[in-house]
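K.L.:
First, the structure itself, so that you have it in front of you.
The values are calculated or read from the model by the stated rules, or taken from the named source; none is laboratory data. The structure displayed is predicted, hence computed values, not measured ones. Virtual Cβ from ideal backbone geometry, glycine too; neighbours counted across all protein chains shown. Surface accessibility is based on the protein's heavy atoms, side chains included, excluding ligands, DNA and RNA. Shrake-Rupley method; radii C 1.70, N 1.55, O 1.52, S 1.80 Å.
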Amino acid sequence: MKKQILEERKSTLELSIPAFGYELIREELLTDLLGNDAPIILYWAGKRIARNYPLFTINEIRDFFQNAGWGNLHLLEEKNNEITFELSGDLIHHRLETKVNPTFQLEAGFLAEQIQQMRKVYAETFEHPKKRNYTVTFTVKWDHIPFNE
């Protein structure tokens with residue numbers, strides 16, 4: 001049902017959004033409203049968004065990032081209990097270049113919840129901004145302890 005809603009929204013909305021408008025909301029408004037708690041609240045908000053838009057493959061997650069304007073997500077490595085992604089793009093470059101301490105906790109929470117739901121384990125994501133090459137690496141880790149939905 002949510003996937004159908006997402007598809008309908010994509011077909012009726014302009015898929016490109018001005019970076020300035022996005023930055024006003026994300027970096028200015030949300031930071032002012034949430035204060036020092038912004039990173040943790042954004043992490044949990046990302047998890048909430050993932051629950052509202054469940055995805056079933058890494059490719060669907062990659063497409064969601066692109067469609068949401070979050071950037072280009074690439075799978076770098078997959079191990080027994082972790083997955084590493086890299087996020088890049090013009091907006092990521094701009095945020096890393098111009099912001100003192102940009103946070104990518106919204107995206108981290110989203111990835112944690114998607115992997116948790118896909119693998120049926122408890123998952124957590126750690127962000128690693130790379131200002132030198134203007135990318136963000138996300139490491140999603142989990143224990144092999146299943147959870148009940």
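K.L.:
Condition first: charged (D, E, K, R), assigned to a helix (DSSP H, G or I) and in contact with a helix residue (DSSP H, G or I) (Cβ under 8 Å, 6 or more places away or on another chain). Can you find one or more residues in the stretch 28-42 that meet it? Talk me through it step by step, then tell me what you get.
P.N.:
Looking only at the stretch 28-42, we keep the residues that are charged (D, E, K, R), and these are 28, 32, 37.
Then drop every residue that is not assigned to a helix (DSSP H, G or I), which leaves 28, 32, 37.
Narrowing further to those that are in contact with a helix residue (DSSP H, G or I) (Cβ under 8 Å, 6 or more places away or on another chain): none.
Within the stretch 28-42, not a single residue is charged (D, E, K, R), assigned to a helix (DSSP H, G or I) and in contact with a helix residue (DSSP H, G or I) (Cβ under 8 Å, 6 or more places away or on another chain).
K.L.:
What number of residues within the stretch 105-133 are touching a Gly at 6+ places or on another chain (Cβ under 9 Å) and closer than 18 Å to Asn72 by Cβ?
P.N.:
Here the count works out to 6.
K.L.:
Return only the number of the condition from (1) open to solvent by less than 10 Å² (accessible area, probe 1.4 Å); (2) closer than 21 Å to Ile49 by Cβ that Leu96 does not satisfy.
P.N.:
Failed condition: (2).
K.L.:
Residue by residue through the stretch 99-149, note down the ones that are among the charged types (D, E, K, R) and open to solvent by 70 Å² or more (accessible area, probe 1.4 Å).
P.N.:
From the stretch 99-149, those among the charged types (D, E, K, R) are 99, 107, 113, 119-120, 124, 127, 130-132, 141, 143, 149; that's our starting set.
Passing the criteria: Arg119, Lys120, Glu124, Lys130, Lys131, Arg132, Lys141, Asp143, Glu149.
K.L.:
Within the stretch 63-74, identify whether any single residue is closer than 21 Å to Lys120 by Cα, without any contact (Cβ under 8 Å) to a residue 12 or more places away in the chain and open to solvent by 70 Å² or more (accessible area, probe 1.4 Å), and answer yes or no.
P.N.:
No, the conditions are met nowhere in the stretch 63-74.
K.L.:
Still on this structure: Restricting to the stretch 45-66, name every residue that is over 11 Å from the mean Cα position of the chain (by Cα) and among the hydrophobic types (A, V, I, L, M, F, W, C).
P.N.:
We begin by selecting, within the stretch 45-66, every residue over 11 Å from the mean Cα position of the chain (by Cα); these are 48, 51-60, 63.
Hits for the stretch 45-66 are Leu55, Phe56, Ile58.
K.L.:
Further question on the same structure: Give me a count of the residues in the stretch 97-123 that are out of contact with any strand residue (DSSP E or B) (no Cβ under 6 Å at 6 or more places or on another chain), charged (D, E, K, R) and without any contact (Cβ under 8 Å) to a residue 40 or more places away in the chain.
P.N.:
Within the stretch 97-123, residues that are out of contact with any strand residue (DSSP E or B) (no Cβ under 6 Å at 6 or more places or on another chain), charged (D, E, K, R) and without any contact (Cβ under 8 Å) to a residue 40 or more places away in the chain number 2.
K.L.:
Just to be sure I understand, how many residues within the stretch 75-90 are surrounded by 15 or more Cβ atoms within 10 Å (Cβ to Cβ) and at negative phi?
P.N.:
Keep residues of the stretch 75-90 that are surrounded by 15 or more Cβ atoms within 10 Å (Cβ to Cβ), which gives 82-89.
The next check asks that each one be at negative phi; those that pass are 82-88.
Number of matching residues: 7.
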